[in-house]
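Below is one structure; the comments refer to it alone.
The values are calculated or read from the model by the stated rules, or taken from the named source; none is laboratory data. Just so we're clear, the structure is a prediction, and the values are computed from it rather than from any experiment. Glycine also receives a Cβ, built like all others from the backbone with ideal geometry; neighbour counts cover every protein chain displayed.
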Amino acid sequence: MDPATDSTALFGLPGEAPHEQLLLDADAGSGLRSISAIHSTARGPAFGGCRLWHYADDMAALHDALRLSQGMSLKNSLAGLPFGGGKAVLLRPADGFDRAALFAAFGRAVARAGGHYITAEDGGTTTADMRQVQRECAWVSGIPRAGAFGGDPSPRTAYGVFVAIEAALRLQVGRALDGATVAVQGLGAVGLQLCERLHAAGARLVVADVHARRAADAAARLGARGVGPDALLAQPCDVLTPCAMGAALDARTVPQVRAAIVCGAANNQLATPEDGDALHARGVLYLPDDLVNAGGIVSVAREYLGQGDESAVMAEVARIADRVRELLERAAGQPPGRVADAWARECLREPAT
Ligand code: NAI
C-alpha cells in the first residue's frame, strides 16, 4: 500500500498515534494552499519550518507534512527544546505568482493557528519570506536582525552536522577528519557551508549536486572531486553526507553505499526504517537526521525565545556531539536509527525543562 494514498493518513501516519491537529488553508487571491501539521504540543507549541514545494498531488503534500511534523516532535525533544513538533507545506503555485502575497497569506494562516504552531524557513523558503509572515503574526522565527544573532538557520545546521561527523569518525573509526574522505550530496544552503568546514578541517571532499555548476564551483574553491548525482551514494568514503532531499537511502541505493558512516542534514534520509536496518546489517553506522541536523531548530528556537547569543547557541549546537556518543552507547550493537527513535519518544514523554 502506498502510505501517501492510504486514507488513514488524514489523521496521522499509518501505524502511528494520530497527529493533534491538521490545518488546511487556502487563499484565492494569492494562490496559497498550505497544510500545517501539528504533531504534538506535549512539550510546548509545535515548532518547525515551512516548505514551498511542487508535489505530485495533495496527498503527497499531506504525507510530507505529517512525516516532517512528526520528525520535528522527535527532533525537538531529543534536542531538549521546550517545543512540540509541527511543519507546514505550501503547494507551489504556477510560475509567476506573487511571492510576497503568498507568504502574507501564509502568515495569516499561521495567525489562525493562534500560537499552537510556530514557523520558520525550510526547503524552498527564505528569510525574506519569513519577514512577510512576520508582518501578519508573531509566531515566526529565523529573521535577521541588525546587531543580534538569528536569521538563516543553515550555518548552525551545518555546524551541528560537522560536530556529529567529527565525533562519529573519532568514536567509530578512531580517526580525525584530517585526511578522511567525505562524500556530500547536495550543495545548497547547508551542504556548501558544511563542505567549507570539512575542507578547513582537512577532509577530502567528493561532491554532487543536480545543479552541475554548484559541484564545479565547490571543486574549484574547495579542491573537491565532483561526481554525477547518480554516482555520489556509491562513492567509497569514510562518511556519506546526504544534504539534499529526503529518502535518498532506499532498497535500491542502500546496497550501493560504500561508507563507514552516514551522517547528513537531509530530513528523512531513510525511505523506511528497514533501510536503516539494512545499513546496519552491512556494517554502516547510520546517524539519524533527527539527532544530527538539530542545529537549525536550536538556533531559531533560541532566537524566538530571545535567549542566548551566537556563542551560547553554537555551544548548545556543539552538544550534538555528546548525543552522538550517547547514542552509540545506547545502541550497543543495535541499529542506531531504531534506538534514536525510541530515545526521542522517551524524551517526548518527559516534561520540557
Ligand atoms: P537547499 O534547497 O538549499 O539545498 C539542497 C541542494 O540539494 C540543492 O543545491 C539541490 O540542487 C541539491 N539536490 C537536490 N536533489 C539532489 C540530488 N538528487 N543529488 C544531488 N543534489 C541534489 O536545502 P538546504 O537548506 O541546504 O537543506 C538540505 C537538507 O537539509 C534538506 O533536506 C532540508 O530539509 C534539511 N535541513 C535543512 C535545515 C536548514 O537549516 N536549512 C535544517 C534541518 C534540515
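I'd like to know if segment 324-333 contains one or more residues that are part of a loop (DSSP other than H, G, I, E, B), more than 22 Å from Val182 (Cα to Cα) and more than 15 Å from the chain's Cα centre (by Cα).
Narrowing segment 324-333 to residues part of a loop (DSSP other than H, G, I, E, B): 332-333.
Pick out the ones that are also more than 22 Å from Val182 (Cα to Cα) and you get 332-333.
Checking the rest, the ones that are also more than 15 Å from the chain's Cα centre (by Cα) come to 332-333.
Yes; the residues of segment 324-333 include at least one that is part of a loop (DSSP other than H, G, I, E, B), more than 22 Å from Val182 (Cα to Cα) and more than 15 Å from the chain's Cα centre (by Cα).
Taken across segment 58-65, residues that are touching a strand residue (DSSP E or B) at 6+ places or on another chain (Cβ under 9 Å), part of a helix (DSSP H, G or I) and surrounded by 24 or more Cβ atoms within 10 Å (Cβ to Cβ) do occur, with at least one present. Would you please name the residue that is surrounded by the most Cβ atoms within 10 Å (Cβ to Cβ), looking only at residues in segment 232-246 that are within 10 Å of the ligand (Cβ to nearest atom) and of a type in the set (A, V, I, L, M)? Among those residues, the one meeting the criterion is Leu232. Please verify whether segment 339-351 includes one or more residues that are more than 23 Å from Asp277 (Cα to Cα), modelled with pLDDT of 95 or more and not small (Gly, Ala, Ser). Within segment 339-351 (the criterion being more than 23 Å from Asp277 (Cα to Cα), modelled with pLDDT of 95 or more and not small (Gly, Ala, Ser)), the answer is no, since none of the residues qualifies.
Looking at Ala9, is it modelled with pLDDT of 95 or more, more than 15 Å from the chain's Cα centre (by Cα) and in a helix (DSSP H, G or I)? I'd like the intermediate steps shown before the answer.
Values: modelled with pLDDT of 95 or more: no; more than 15 Å from the chain's Cα centre (by Cα): yes; in a helix (DSSP H, G or I): yes.
In short, no.
If you check Asp275, Asp250 for being within 29 Å of Ser69 (Cα to Cα) and surrounded by fewer than 18 Cβ atoms within 10 Å (Cβ to Cβ), only one passes: Asp250.
The residues in segment 277-312 that are in contact with an Asp or Glu (Cβ under 9 Å, 6 or more places away or on another chain) and more than 13 Å from the ligand (Cβ to nearest atom) can be counted, and the count is 3.
Applying the criterion of being β-branched (Val, Ile, Thr), outside any helix (DSSP H, G or I) and within 16 Å of the ligand (Cβ to nearest atom) to the residues of segment 164-213, the residue that is surrounded by the fewest Cβ atoms within 10 Å (Cβ to Cβ) is Val210.
Scan segment 102-150 for residues that are among the β-branched types (Val, Ile, Thr) and part of a helix (DSSP H, G or I) and report the count.
So the count comes out to 3.
Taking the criterion of being more than 16 Å from the ligand (Cβ to nearest atom) and either under 19 Å from the mean Cα position of the chain (by Cα) or modelled with pLDDT under 95 (or both), the residues of segment 128-159 that qualify are Arg145, Ala146, Gly147, Ala148.
Hey, among Ser73, Ser34, Ser77, which residue is in contact (Cβ under 8 Å) with a residue 60 or more places away in the chain, crowded, with 19+ Cβ neighbours inside 10 Å and not in a helix (DSSP H, G or I)?
When all the criteria are applied, what remains is Ser34.
Just to check your reading of the model, which residue among Val262, Val284, Val317 is over 14 Å from Leu240 (Cβ atoms) and in contact (Cβ under 8 Å) with a residue 12 or more places away in the chain? Of the residues listed, the single one that is over 14 Å from Leu240 (Cβ atoms) and in contact (Cβ under 8 Å) with a residue 12 or more places away in the chain is Val317. Only a single criterion out of (1) closer than 30 Å to Glu326 by Cβ; (2) in a helix (DSSP H, G or I) is not satisfied by Pro82, namely (2).
Looking at segment 101-127, which of the residues that are surrounded by fewer than 18 Cβ atoms within 10 Å (Cβ to Cβ) and within 16 Å of the ligand (Cβ to nearest atom) is nearest to Leu91 (Cα to Cα)? Among those residues, the one meeting the criterion is Gly124.
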